[in-house]
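J.: My questions will all concern the structure given below.
All of the numbers you see were taken from the coordinates with simple rules; none came from a lab. Model, not experiment: these values are computed from the prediction. We place every Cβ from the backbone using ideal geometry, glycine too, and count neighbours over all the protein chains shown.
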Amino acid sequence: MKFVIQRVSRASVSVDGAVIGKINKGFLVLIGIGAEDGKKEADLLVRKMCGLRIFEDQDGKTNLALKDVDGELLLISQFTLYANCKKGNRPSFIEAKNPEEANALYEYIIAECKKQIPVVETGSFGADMKVELLNDGPFTVIVDSKELM
């Protein structure tokens with residue numbers, strides 16, 4: 001499982017021209033779910049993400065976590081994080097979890113995040129989404145369950 005975590009001043013996601021999710025200060029998180037991933041990997045990455053201290057404190061040091069700054073979450077499922085580009089120029093996505101199981105795990109991640117963070121917005125699984133963000137920093141962190149386990 002992979003989370004691309006972007007510290008943002010604001011972010012939104014639209015489907016068919018309508019905004020379906022919008023946050024202010026917080027994290028825009030692109031979520032890639034691999035074929036072998038399950039709740040164990042999800043729990044690990046949710047815990048890591050919520051604990052990341054990448055917001056500045058009063059001294060300008062990155063010492064504060066999402067909950068310390070009343071940060072919000074925008075969670076976007078993105079299977080293309082499992083694109084394999086080793087051969088040719090057309091990516092293969094066989095390393096991504098099948099859509100039905102991936103959606104169930106995405107919904108599990110959303111539910112787990114809502115237990116810790118008051119404002120959690122989402123995209124629409126499988127939809128053609130337009131994501132807008134104002135990256136703060138820019139500050140982007142990639143966490144991969146394979147590297148953490």
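J.: Being more than 15 Å from the chain's Cα centre (by Cα) and surrounded by 13 or more Cβ atoms within 10 Å (Cβ to Cβ) narrows it down to one residue among 97, 115, 146; which is it? Don't jump to the end; show me each part of the working.
T.: Numbers: 115 fails: surrounded by 13 or more Cβ atoms within 10 Å (Cβ to Cβ); 146 fails: surrounded by 13 or more Cβ atoms within 10 Å (Cβ to Cβ).
Of the residues listed, the single one that is more than 15 Å from the chain's Cα centre (by Cα) and surrounded by 13 or more Cβ atoms within 10 Å (Cβ to Cβ) is 97.
J.: In the stretch 1-54, which strands (runs of 3 or more DSSP E) lie fully inside it and hold 3 or more residues that are touching a helix residue (DSSP H, G or I) at 6+ places or on another chain (Cβ under 9 Å) and closer than 14 Å to residue 143 by Cα? Before the answer, list the steps.
T.: Details: elements: 2-15, 18-23, 26-32.
Of the strands (runs of 3 or more DSSP E) lying wholly inside the stretch 1-54, those with at least 3 residues that are touching a helix residue (DSSP H, G or I) at 6+ places or on another chain (Cβ under 9 Å) and closer than 14 Å to residue 143 by Cα span 2-15, 26-32.
J.: Look through 5, 23 and report the one residue that is in contact with a Leu (Cβ under 6 Å, 6 or more places away or on another chain) and under 23 Å from residue 108 (Cα atoms). It would help to see each step written out before you state the result.
T.: Details: 5 fails: in contact with a Leu (Cβ under 6 Å, 6 or more places away or on another chain).
When all the criteria are applied, what remains is 23.
J.: Take the residues in the stretch 75-114 that are among the hydrophobic types (A, V, I, L, M, F, W, C) and touching a Phe, Trp or Tyr at 6+ places or on another chain (Cβ under 7 Å), then tell me which one is nearest to residue 25 (Cα to Cα).
T.: 79
J.: Test residue 73 against the criterion of being crowded, with 16+ Cβ neighbours inside 10 Å, in contact with a Cys (Cβ under 6 Å, 6 or more places away or on another chain) and either farther than 27 Å from residue 127 by Cβ or not hydroxyl-bearing (Ser, Thr, Tyr) (or both), and give yes or no.
T.: yes
J.: Which count do you get for residues in the stretch 120-129 that are surrounded by 15 or more Cβ atoms within 10 Å (Cβ to Cβ) and of a type outside the set (S, T, N, Q)? So that I can check it myself, show each step before the final result.
T.: The initial filter retains those residues of the stretch 120-129 that are surrounded by 15 or more Cβ atoms within 10 Å (Cβ to Cβ), namely 120-125, 129.
Checking the rest, the ones that are also of a type outside the set (S, T, N, Q) come to 120-121, 123, 125, 129.
Selection size over the stretch 120-129: 5.
J.: From 94, 23, 33, 54, grab the single residue that is more than 24 Å from residue 148 (Cβ to Cβ), of a type in the set (A, V, I, L, M, F, W, C) and touching a residue at least 40 places away in the same chain (Cβ under 8 Å).
T.: Working: 94 fails: more than 24 Å from residue 148 (Cβ to Cβ); 33 fails: more than 24 Å from residue 148 (Cβ to Cβ); 54 fails: more than 24 Å from residue 148 (Cβ to Cβ).
Among 94, 23, 33, 54, only 23 is more than 24 Å from residue 148 (Cβ to Cβ), of a type in the set (A, V, I, L, M, F, W, C) and touching a residue at least 40 places away in the same chain (Cβ under 8 Å).
J.: I'd like to check something: does the stretch 41-55 contain any residue that is under 16 Å from the mean Cα position of the chain (by Cα), among the acidic types (Asp, Glu) and more than 23 Å from residue 9 (Cα to Cα)?
T.: yes
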